Amino acid sequence: MNKNRLMKISILLLTVLLFSPYLYAQNYDESKVGEYTLPDVLVTESGKKITTKKEWEQTRRPEVLTLFEEHVYGQFPKKYDRLEYSVKNEDRNAMNGKAHLKEVELVITNNNKPVRINIVMFIPNNLKKPAPAFLLINNRSKRNTAASRDTLSEFWPAEMVIDAGYALAAFHVSDAAPDNKNTYQNGVLELYPEQINANNGMRAIGAWAWGASRVLDYFEKDKDIDAKKVAVVGHSRGGKASLWAAAQDQRFAICASNCSGNTGASLSRRNFGESVERINTSFPHWFTTNYKQYNSNENALPVDQHMLIALVAPRPVYVTNASKDLWADPTGTFLAAKEAESVYELYKLESKLPQRPPAIDTPIVSPPIGYHNREGIHDLTKYDWARFLEFANNHYKKNVP
């Protein structure tokens, strides 16, 4: 076989691997979505209507959280024996003197088993008090968050965030759970082995969210970070994890979920883009064993993703899409955010979302619920980060340098 033919075959195979999700017979026609009925986020399993924030916090919120644990994301362990940290590398004059670089290793131990999570972080040097921060759950190459800054990626535009007066940190998902159906147990789940065979046991997405909470534990010990002003950010599968982290850990001040799609910010019951069956088939290691029973059976779910967004209330949440990323269902994401408004209303927080999805590149950056549908493909870009910064500024009423 000649080299040109071999090259063409290789390119064809690579194309199939990269775009195989789009080759499945999923619906991209709004007229074929059909009718569906969402669970009412403000009606309990026993049928009681929730009308106050006290009832939400004491009754319905714990119930919804438990439903997601049982049917979708799995249990979320709160206890561990020990957390230790050490600074492995430090540069107080990074970015030409604008930032303080720290590379920190966390060692979390439970039942004599350790897991190590490595943090790369930059803190602005011109602040006279602890810095508010953004924490990225990095599900892409570690080069995106290189401490050396020899790779400058829009996925993690650290210089832009530093210039805006915020600290920026990241950890890689592989430290918490490898994104692999055969090896995902090699991480956080070694600390909680009872979860592996449990039908409602935590899997990779849950482990990544758990890892974000452990980084926040560390931030509470770091005098350079304002741990009460930490936004958790994720893209795609990382965006699913950022929502689950913010739902579980109410210490996160803001949640940003970028292009997170099915079992992230978009409604599962809409027959549009990726389905529960497709996600469970392609990524069987992300969610509980229980979640598989809803393959082609979304209407039987006791929850939908508007309820996950609502779990972040009253804290601000920002969800996004990209115009060419129909797989992640931009309309379904917007509708989920709209459906979550009723819980924010219990806190007398008025959403600024319009009645219909806004035009492309028309961001809603006013808390408590932000949204945009950016022109482009499935990615995390400077445009997205710039909107997250605006949203955080509006929430904190922050004057930035």
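Inside segment 115-124, can you point out the residues that are surrounded by 15 or more Cβ atoms within 10 Å (Cβ to Cβ) and either farther than 21 Å from GLY165 by Cβ or more than 21 Å from the chain's Cα centre (by Cα) (or both)? Spell out how you get there, then give the answer.
We begin by selecting, within segment 115-124, every residue surrounded by 15 or more Cβ atoms within 10 Å (Cβ to Cβ); these are 115, 117-124.
Across segment 115-124, the qualifying residues are VAL115, ILE117, ASN118, ILE123, PRO124.
Any idea which of ALA212, ALA169 is surrounded by 24 or more Cβ atoms within 10 Å (Cβ to Cβ), in a helix (DSSP H, G or I) and within 19 Å of the chain's Cα centre (by Cα)? Outline the logic, then answer.
Working: ALA169 fails: in a helix (DSSP H, G or I).
Exactly one residue qualifies, and that residue is ALA212.
Results for (1) within 25 Å of ALA212 (Cα to Cα); (2) out of contact with any helix residue (DSSP H, G or I) (no Cβ under 6 Å at 6 or more places or on another chain), shown as yes or no for each residue.
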{"position": "ASN258", "(1), (2)": "yes, no"}
{"position": "ARG269", "(1), (2)": "no, no"}
{"position": "GLU274", "(1), (2)": "no, no"}
{"position": "ASN280", "(1), (2)": "yes, no"}
{"position": "TYR294", "(1), (2)": "no, no"}
{"position": "GLU298", "(1), (2)": "no, no"}
{"position": "LEU308", "(1), (2)": "yes, no"}
{"position": "PRO330", "(1), (2)": "no, yes"}
**OP:** Give SER174, SER86 a once-over and let me know the one that is closer than 30 Å to ASN295 by Cβ, among the polar types (S, T, N, Q) and not in a loop (DSSP other than H, G, I, E, B).
**Re:** SER174
**OP:** For segment 353-367, name all the residues that are surrounded by 14 or more Cβ atoms within 10 Å (Cβ to Cβ) and out of contact with any Asp or Glu (no Cβ under 8 Å at 6 or more places or on another chain).
**Re:** PRO357, PRO358, ILE364, SER366, PRO367
Subject >> All positions within segment 382-399 that are surrounded by fewer than 19 Cβ atoms within 10 Å (Cβ to Cβ), in contact (Cβ under 8 Å) with a residue 40 or more places away in the chain and within 19 Å of the chain's Cα centre (by Cα) >> reply: LYS382, ALA386
Subject >> Failed item in (1) on the phi > 0 side of the Ramachandran plot; (2) buried (at least 20 other Cβ atoms within 10 Å of the Cβ); (3) over 18 Å from the mean Cα position of the chain (by Cα); (4) not hydrophobic (A, V, I, L, M, F, W, C), with ASP329 passing the rest >> reply: (3)
Original post:
Taking SER141 and the conditions (1) of a type in the set (Ser, Thr, Tyr); (2) over 17 Å from the mean Cα position of the chain (by Cα); (3) surrounded by fewer than 20 Cβ atoms within 10 Å (Cβ to Cβ), which numbered condition does it fall short on, given that it satisfies the others?
Top reply: (2)
**OP:** Starting from residues that are surrounded by 16 or more Cβ atoms within 10 Å (Cβ to Cβ) and touching a Ser or Thr at 6+ places or on another chain (Cβ under 9 Å), keep the ones in segment 147-162 and report whichever is modelled with the lowest pLDDT.
**Re:** SER153
Subject >> Selected residue (only one of ALA176, ALA147 is under 20 Å from GLY74 (Cα atoms) and either acidic (Asp, Glu) or out of contact with any Cys (no Cβ under 6 Å at 6 or more places or on another chain) (or both)) >> reply: ALA176
Subject >> Cross-chain or 6+ apart pairs with Cβ under 7 Å, segment 268-288 first and closer than 17 Å to THR37 by Cβ, then among the small types (Gly, Ala, Ser) and crowded, with 18+ Cβ neighbours inside 10 Å >> reply: ARG270/GLY332; PHE272/GLY332; VAL276/SER268
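The values are calculated or read from the model by the stated rules, or taken from the named source; none is laboratory data. The structure presented is a predicted model; accordingly, all values stated were derived computationally and were not measured. Please note: Cβ atoms are built from the backbone with ideal geometry, for glycine as well, and neighbour counts cover all protein chains shown.
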